[in-house]
Amino acid sequence: MGDTVTLKCNFRTDGNLREIVWFRVMEGGTSKQKIFTYDAMYNTNFSHMEDFHRREDLVYQSTVRLPEVQMEDDGPYECHVGIYDRASREKVVLASGSITLNVMSPPKSISVEAANQPARFSRYEAQNFTLVCIVTGGKPAPVVYFKRDGELIEVHPFMSTEKVENRGLLSAKDNQPLISRELDDTKVQKSLSFLGTYSEPVRLDMDRPQRSYMSGAPGQEEPSPTTEVIPETVISREFPRWVLSSSPLYYFNHTQSELHDGTMEVQAMLTWHLNPQLDNEALFTCEVKHPALSMPMKAEVTLSAPKGPKLSVAPSRAKVGDTVHIKVEGFHMGPKVNKVFPEPLFTWTRVGGPLLDGSEERFGKILALERVPAELNGSMYRCTVQNPLGSTNTHTRLIVFENPRIKKETRHLNFGDSAGDLLGPSLMMLLLSLTVELT
């Protein structure tokens, strides 16, 4: 695309040339567009015949130049040649030839994203994880492949006969544990550290995270929110050994579709059992090879668990009646990672009770508390941030100050009510005396 293309029509004849006509075939051959015509009646200096009765074969070449070809110039072209019949100059013998112009277009964009995100973190079950590489604008379709930490990944085709849905995630029947949990004698010891007071594992369900229970005697009451100690931010990335596998199987699938401009869009999907301990901070690269590119095009992502979310509260000095926004501003990233990938899931809860609107939890990077009352002073809020590679939470306490304007209006209203109470009996006595005098 963008090159200047020359089409040549070569033919040999011993007859008299009448005309040459070039056509561009359109709409699958149903219509033709005339792009060039040569009429020999007005230009006869090409003839080199020495004698009318002695004929020799003459070689002709008709050239058509197409400057800066675009995708719409792609397709077949035809060259039609007309020669006068020897018996009668009223008759013309026609011949034609065709050629197909294939216009190549390099890919315009490449991106890598994670399928079915944001998603929760699972400590006890190996999850299928899918990277989707989307390449648009190429013609013909490019070749797409994946690398991990600079090494080409050996992939296997999808074996499931069912249609791959949700951009490449394997079906539930294909989601087999990497190592049988029943055969691992370490699963009991590895799981004891995750048991709470009621001997239930502290984990995140698909609906919402269960409440974390503090260790202690069965009869001990849970500490009140006012005495709760604000914990440090902790990354939850401990796993039973039965989950781990150092050499996962990578499954590969790709689809391609034609866009309205004749170029192709390719979606390449890489799926494997995610290992949060080994895959965290792993660099995955999607590379594209195309005949119109001098070197491969690539896009990179680094898998990373969320670490140390930084919270901000606006306004910084909240007063009664204000709308308060608690927002996740960013994360404390390591030297190898500049962003959390895949996109994490943000869950807000209030320690010791429901949120201001009565709900148990809210999702999103921002928690909005509208028209906060004085009763929320000192309330604590927990933000849980998680993606398939890990989970972490942090807390912030809301301090609500008195609003002088609301307090002044309240005092004025109270003063008006008390004055009315004082003036009420005097006014009644005055009206009563006026009535007596008139009588």
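The values are calculated or read from the model by the stated rules, or taken from the named source; none is laboratory data. Small disclaimer: the values here were computed from a predicted structure and weren't measured. Note that each Cβ is placed from the backbone with ideal geometry, even for glycine, and that neighbours are counted across all protein chains shown. SASA here: full protein model, heavy atoms, side chains in, ligands and nucleic acids out. Shrake-Rupley method; radii C 1.70, N 1.55, O 1.52, S 1.80 Å.
With the gyration tensor restricted to C-alpha atoms of region 270-370, the semi-axes of the equivalent ellipsoid amount to 39, 16, 13 Å, longest first. A 1.4 Å probe run over the protein chains yields, for region 84-124, 62 Å² of accessible area per residue, whole-number rounding.
Within the assembled protein chains, the solvent-accessible surface assigned to residue 158 is about 40 Å², based on a 1.4 Å probe.
Counting Lys and Arg as +1 and Asp and Glu as -1 over every other residue whose Cβ lies under 10 Å from the Cβ of residue 38, the net charge comes to -1. Taking amide H as placed 1.01 Å from N in the peptide plane, residue 341 has its amide H under 5 Å from the amide H of 304, each at least 5 places away in sequence or on another chain. In this simple spin-label approximation, residue 261 and residue 366 carry label points 7 Å from Cα along the Cα→Cβ vector, and these lie 3.5 nm apart. Net charge in the neighbourhood of residue 26 (other residues with Cβ under 14 Å of its Cβ; Lys, Arg +1, Asp, Glu -1) is -2. For region 335-375, the calculated P(r), taken from all Cα-Cα distances in 10 Å bins from zero up to the bin holding the longest distance, is 23, 42, 19, 14, 2 percent.
Placing a label point 7 Å from the Cα of residue 283 along the Cα-to-Cβ line, the residues of region 318-341 whose backbone N sits under 20 Å from it are 333-341.
Specify whether the C-alpha gyration tensor of region 306-364 places it in the rounded, prolate or oblate class, a ≥ b ≥ c being the square roots of the eigenvalues: rounded for a/c under 1.5, otherwise prolate if a/b is larger than b/c and oblate if not. Present the calculation step by step, with values, prior to reporting the outcome.
Values: a/c = 3.14, a/b = 1.69, b/c = 1.85.
Taking the square roots of the gyration eigenvalues as a ≥ b ≥ c, region 306-364 is oblate.
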